[in-house]
1. Taking interchain pairs and intrachain pairs at least six residues apart, which have beta carbon atoms under 8 angstrom, with the first residue in the stretch 360-381 and closer than 18 Å to residue 307 by Cβ and the second surrounded by fewer than 17 Cβ atoms within 10 Å (Cβ to Cβ) and among the aromatic types (Phe, Trp, Tyr)?
2. Of 169, 193, which residue is at pLDDT below 90 and over 27 Å from residue 324 (Cβ atoms)?
3. All but one of (1) surrounded by 12 or more Cβ atoms within 10 Å (Cβ to Cβ); (2) modelled with pLDDT of 85 or more hold for residue 362; which doesn't?
4. If you check residue 252 against the conditions, is it modelled with pLDDT of 80 or more and of a type in the set (A, V, I, L, M)?
5. Out of all the residues in the stretch 327-337, is one or more among the charged types (D, E, K, R), modelled with pLDDT under 85 and either outside the structural domain of residue 256 (by TED's automatic domain parsing) or in contact with an Asp or Glu (Cβ under 7 Å, 6 or more places away or on another chain) (or both)?
6. Let me confirm something: among 158, 205, which residue is part of a helix (DSSP H, G or I), under 14 Å from the mean Cα position of the chain (by Cα), at pLDDT 85 or above and not assigned by TED's automatic domain parsing to the domain that holds residue 127?
7. Looking at (1) in contact (Cβ under 8 Å) with a residue 60 or more places away in the chain; (2) part of a helix (DSSP H, G or I), which is the one condition that is false for residue 274?
8. Residues in the stretch 285-326 that are hydroxyl-bearing (Ser, Thr, Tyr) and either in contact with an Asp or Glu (Cβ under 7 Å, 6 or more places away or on another chain) or at positive phi (or both): how many?
Amino acid sequence: MRLRTLAAAAMLLGLAFPVAAVDLREHSDSASGQFSIFCEDKDLRMRVVSFVEEVKREVLQFLGERDGWKAPIVITLEPAALGAAAGPAATVRLVESLPGFKVQIDVRVGRDPAEVNLQRQIVRAVLLEYAYRETGVKGGTAFREAPWWIVEGCTELARQREIGPNSDLFRRLLETNKLPPLENFLLEKPDELGVTARTLDRALAACLVQLLATQPGGRAGLARIVRAWPESDGDPMALLKKEFPDLAKDEATLQKWWTLGLARFAAADRYQGLSVEETARQLAALFFLELPTGKGTAKKTFAVADFAQYLKLPASRAALAERHTKLLALSTRANALLRPVLVDFERILTLLIQGKTKGLAERLAQIEKDRAFVVQRSRDITDYMNWFEATQMGGSSHTFDAYIKAANEISEQERKHRDPIARYLDQFEKEY
């Protein structure tokens, strides 16, 4: 798909349209018959004919639907008129026709064909036809497109399948603890934001759509949201709670689930998990908080177990929330042996954020013991395996070749310097 997208963009960039409007006699129909593309350049038209079917197939897979289209989608490609007033490079609208309705995509290519983003326009059109497939629409009445985050999520996920997710972006979000509340995010209007904000919103939307689609019955739930959206009151949270009750039973659960999903995207390019030692080291850092103690700049470090001292400080809740977010990020790469410890610690942090402290001192002491036990047992296992390989194996794995070579070199030096003074000077040189 990416190759065809680039090819279509390149054709748009190098195309020399005539000044006159597109000739409606020059058109081609897609394989399914749903799309009719009007464009005077035959090569471009044939590329788009193939491209629209691939995009539609991607969208239907997200919704878990087969191709059962009822309304046609008409695409016109023509050059932007010289001196025309500035306007959108592409528009998508519903048009009443006989019988029923059709979806119209009007594309006017200007100096920068990338502004068209044809893939996104096709996603909008496919979702629009799907939403109004059963109810239709009357001429002159308002219509409502699918939620923006579903449109952007489907578009971005298709792109990520070719080039991979931007894991660095998600890691920066988690590290700076600047995750937007999900309810606010769903109500945003990306078209009114800057380029950087739109890029961020697209990535977050892709993460949300992917997480919803992978839930049991998630694709069917997304499909129901798209169908219900035109007749809803425009409240995305209400539809999420209806279609995904286990995830959206309360805002805290949904936010936690979304944060964990973002952490997984942040680790998408990390194919190997952490060792026990590295997991324990990163976990140990989360057992401490640095909080301001007054109006000045002075700060004090508290152990998480000292909650009786720091919970009364105004900044304690935010610091605990930051530790909670970092713990979720760590859990995506943590060694499996320490996963139970991370799960218990996450539950404790959740209770501390809520101000509930009963029995937490004992639980914190226990998870610290469990962490130390796992680390020590892992070291014992490593030591035993090294001893076994060095002394009991019939053959050599060459793991200790570097150590043996170093030992032989030392022995050789000692053979050269037998007198006590020479050995003393050699040893002194090595150590200092």
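1. As it stands, the answer is 368/287, since those pairs meet every condition given.
2. Just one listed residue meets the conditions, 193.
3. With respect to (1) surrounded by 12 or more Cβ atoms within 10 Å (Cβ to Cβ); (2) modelled with pLDDT of 85 or more, residue 362 is out only on (1).
4. No: the conditions fail for residue 252.
5. yes
6. Going through 158, 205 in turn, the sole match is 205.
7. Of (1) in contact (Cβ under 8 Å) with a residue 60 or more places away in the chain; (2) part of a helix (DSSP H, G or I), only one is false for residue 274: (2).
8. 1
The values are calculated or read from the model by the stated rules, or taken from the named source; none is laboratory data. Note that the structure is a prediction, hence the values are computed from the model and not measured. As a convention, Cβ positions derive from the backbone with ideal geometry for all residues, glycine included, and neighbour counts pool all protein chains shown.
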